[in-house]
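Take a look at the structure set out below.
The values are calculated or read from the model by the stated rules, or taken from the named source; none is laboratory data. Since the structure is predicted, the reported quantities are computational estimates derived from the model, not experimental observations. Backbone-built Cβ (ideal geometry, glycine too); neighbour counts: all protein chains shown.
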Amino acid sequence: MTPKRFSGRIAWIFGVIAALAALVLLWDWNWFRPFVEIAASDALGRPVSIGHFDIELRPDLRIVTDDVTIANPTGFPDEDRFASIRRLSIRLELRPLLHRRIHIPEIAVDTPHFDLIRTVPGKANWRFDAGTDSSGDYALDLGTLKIVDGTAHIGDAVTKSDFNLSIRTLPGDGEKEPRLDIAARGTYADQPITGHFTGGSILTLRDAQKPYPVDLWFANGNTRIALKGSVERPLELAGAHLDLTLQGDDLSRLYPLTAIPFPPSPPYRLTGGLDYVADHIRFRNFAGTVGSSDLSGSLEVDPKPERPMISANLTSNRIILADLAGFIGSTPGKADAANDTPEQKRARTAQDASPRLIPDTPVSLPKLRSADMDITFRGKRIESQWTPLDNITARLTLDNGTLLLHPLTFGVGQGQIVGDIKLDGRQNSVRMMADVDFRRIDLHRIMAATKAFEGTGTIGGHAKIDTTGNSLAQMLAQGDGDFKLFMAGGDMSALLVDLAGLDFGSSLLSMLGLPNRTDIRCMIFDSELAAGVLKTRTFLVDTTEANVIGTGSIDLRKEQIAYQITTDPKHFTIGSIPAPIDVKGAIKNPSIGPDAANVGTRVAAASVLGVLLTPLGALLPTIQLGLGDDNDCRALVSEIRQRTAKSAK
């Protein structure tokens, strides 16, 4: 071959190469844009449009798209878009494709915006209908994600939320990967929300070998939540090493965030560990305060069932009874607590100003039906200004709208108050059934709680109610049942007995400590609850100083009391007013004084005792069941029979 012919071939080869290079460099890749739009639309299951498509050939391949928009699904406004991206750049290495691996070292997203909308449960524009999967058997290997000036708007009618997110990635320090940075502001559950999240790169979520860092805080109204730590397998929510702090004015306000129907509470602060094990979310080994009480334990949520299943084991070393007032619809927390909120102060002021005593806060039926529960609670020591309770243990179960407290136990000295309470919330009006036993209640603890009187002895009894209503006030106003208490032996401050008969002379001596005790032979209180009215069948206290007899009723519908107490002294007293005592008026603020119509004419107690003879005899089997055969109440019935027969002659 001649040099001239050889040089001609070389020129031709270089010419072809130059032509190919020019074709590659000058080729308008945007010609493929319609095909890319079709493939993306098929993959996402909704229309995708691209303003411009280009491929840059470097040592690796870079795919660049401009003005990308992703449409809303059917049923959402056409003029709105699910997402828009000013520029999306994807870098792809070519060599791994020969080994059936897709390696994307970098994805860069410039000015993305998402508009996330949910109108009703189950209808949200972020739900995608999966299209075809063209990845085949290729393994996907992702590198880093860079986001510049990202934003999102969330409008959720279900949670009553409307807030905005700003999204970006921050450069990593040294060899660390970029960090995801998200800030939130707006409203959630009709309450202001602000928050900030810093985590690892989104794409590192796929790397099980690298714990994913999490640093999150947000405020929703007066609720504050902070979460910090790492997750070893974030896509599985497993291997979490997270510290969670919850703080706020009222635990019930966590419901929109957690779907857990906590009762109203005073201000709280709880700190513990958060993890995810066997598809269960656990708030473990937490401790803190609720109002003036301490609280510790663990709580677990199984979110998979139709209704989340919540299990908890809770303990309090010192519980202030006022902190539990939210369970009955009253304002929780101590009035003088340092952390009492202005809102709770106002509620308590309104409650004090109201002529009504029984709380009428309605039961939230949606919350009662929203979850299932199995919770045990133990309060080792109860502090209360007016009640003699020492401790509390309870197991609460909630199944498909039916709540059961079984058992609910309060310690009183060496005795107990044990109750089984059932609330059936499956209908529009809650049905409540309660049975309460009073077992060897220490009278000394009861009298000591009054801080005015003293006494010793043991009390037993039983109470039951069957009713319907959507608040405690409605339930008591419509209830049927009965209430029995009885006591034999012991003693009571003579002051209490003498004041019951307005024996001012004896009361003065009693206040001076002479005498300071009077023995109780028998105490019986038996009443019937019918349509919200508690009618006394028998109320009798037989002491060495006097017989105290009570008659009347308490109307729980109108919260009115009409009661009369008569005494039958067993010895001569100085300064005694010979008249019964009337207790009448509003339950919250009754008037107490002598019966004006009978001042100067003491009612014949023997005749009153005669009226009580028949019901007393009928109660003897119940009394014997609680106190045994050898008790002074049997002797009292015999004595009344004799006195009644004598007065009839």
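Can you tell me which residue is surrounded by the fewest Cβ atoms within 10 Å (Cβ to Cβ) among those in the range 31-66 that are in a helix (DSSP H, G or I), at pLDDT 85 or above and more than 53 Å from the chain's Cα centre (by Cα)? The qualifying residue surrounded by the fewest Cβ atoms within 10 Å (Cβ to Cβ) is PHE35. In summary, ASP294 fulfils each of the numbered conditions (1) within 19 Å of ARG378 (Cα to Cα); (2) touching a residue at least 40 places away in the same chain (Cβ under 8 Å); (3) among the charged types (D, E, K, R) with the single exception of condition (2).
Note on the range 346-396: among residues that are aliphatic (A, V, I, L, M) and assigned to a strand (DSSP E or B), the one that is farthest from ARG445 (Cα to Cα) is MET373. With respect to (1) modelled with pLDDT of 95 or more; (2) surrounded by fewer than 18 Cβ atoms within 10 Å (Cβ to Cβ), the lone exception for THR198 is condition (1). Scanning the range 273-300 for residues that are at positive phi and either crowded, with 19+ Cβ neighbours inside 10 Å or polar (S, T, N, Q) (or both) gives ASN285, GLY291, GLY297.
Out of the residues in the range 349-383 that are β-branched (Val, Ile, Thr) and under 16 Å from THR397 (Cβ atoms), state the one that is surrounded by the most Cβ atoms within 10 Å (Cβ to Cβ). Even if it seems obvious, please write down each step before you answer.
We begin by selecting, within the range 349-383, every residue β-branched (Val, Ile, Thr); these are 349, 358, 361, 363, 375-376, 382.
So of that shortlist, the ones also under 16 Å from THR397 (Cβ atoms) come out as 375-376.
Details: ILE375: 17, THR376: 15.
Per the stated criteria, the residue is ILE375.
For the range 540-558, a residue qualifies if it is under 27 Å from PRO355 (Cα atoms) and crowded, with 19+ Cβ neighbours inside 10 Å, and the qualifying residues are GLY550, ILE554, LEU556. Only residues that are of a type in the set (S, T, N, Q), farther than 14 Å from PHE76 by Cβ and modelled with pLDDT of 80 or more were counted across the range 101-153, and they come to 2.
Please report, ordered by residue number, the helices (runs of 4 or more DSSP H) entirely within the range 467-550 with at least 1 residues that are at pLDDT 90 or above and touching a helix residue (DSSP H, G or I) at 6+ places or on another chain (Cβ under 7 Å).
Passing ranges, in order: 472-477.
For the range 67-101, the set of residues classified as part of a loop (DSSP other than H, G, I, E, B) and hydroxyl-bearing (Ser, Thr, Tyr) consists of THR74 only. One residue stands out in the range 414-431 among those that are over 28 Å from ILE382 (Cβ atoms) and of a type in the set (Lys, Arg): the one that is modelled with the lowest pLDDT, namely ARG426.
Restricting the range 95-108 to residues that are among the hydrophobic types (A, V, I, L, M, F, W, C) and out of contact with any Leu (no Cβ under 6 Å at 6 or more places or on another chain), the residue that is farthest from ASP141 (Cα to Cα) is ALA108. Under the condition of being modelled with pLDDT under 90 and over 30 Å from GLY415 (Cβ atoms), the residues counted in the range 367-391 number 0.
If we scan the range 88-99, do we find a residue that is touching a Pro at 6+ places or on another chain (Cβ under 6 Å) and either surrounded by fewer than 16 Cβ atoms within 10 Å (Cβ to Cβ) or modelled with pLDDT of 85 or more (or both)? Please lay out each step first, then the result.
Of the residues in the range 88-99, the ones touching a Pro at 6+ places or on another chain (Cβ under 6 Å) are 91.
Now narrow it down to the ones that are either surrounded by fewer than 16 Cβ atoms within 10 Å (Cβ to Cβ) or modelled with pLDDT of 85 or more (or both): 91.
Within the range 88-99, one or more residues are touching a Pro at 6+ places or on another chain (Cβ under 6 Å) and either surrounded by fewer than 16 Cβ atoms within 10 Å (Cβ to Cβ) or modelled with pLDDT of 85 or more (or both).
Cβ-Cβ distances below 9 Å connect the following pairs, each with a first residue in the range 57-83 that is on the phi > 0 side of the Ramachandran plot, a second residue that is among the hydroxyl-bearing types (Ser, Thr, Tyr), and a separation of six or more residues or different chains: ASP67/SER49; ASP67/SER84; GLY75/THR119.
Can you say whether GLY333 is under 16 Å from the mean Cα position of the chain (by Cα), on the phi > 0 side of the Ramachandran plot, of a type outside the set (Lys, Arg) and not in a strand (DSSP E or B), as far as the supplied structure shows? Spelling it out, GLY333 is indeed under 16 Å from the mean Cα position of the chain (by Cα), on the phi > 0 side of the Ramachandran plot, of a type outside the set (Lys, Arg) and not in a strand (DSSP E or B). Just one of the numbered conditions (1) under 18 Å from ALA108 (Cβ atoms); (2) modelled with pLDDT under 85 is not true of GLY174: (1).
For ILE310, which of the numbered conditions (1) without any contact (Cβ under 8 Å) to a residue 40 or more places away in the chain; (2) under 26 Å from LEU403 (Cβ atoms); (3) among the aliphatic types (A, V, I, L, M) fails to hold? Looking at each condition in turn, ILE310 falls short on (1). Of the residues that make up the range 354-361, is at least one modelled with pLDDT under 95 and on the phi > 0 side of the Ramachandran plot? No, because not a single residue in the range 354-361 is modelled with pLDDT under 95 and on the phi > 0 side of the Ramachandran plot. If you filter the range 220-278 down to residues that are at pLDDT below 85 and among the hydrophobic types (A, V, I, L, M, F, W, C), you find that the one that is farthest from GLY200 (Cα to Cα) is ALA278.
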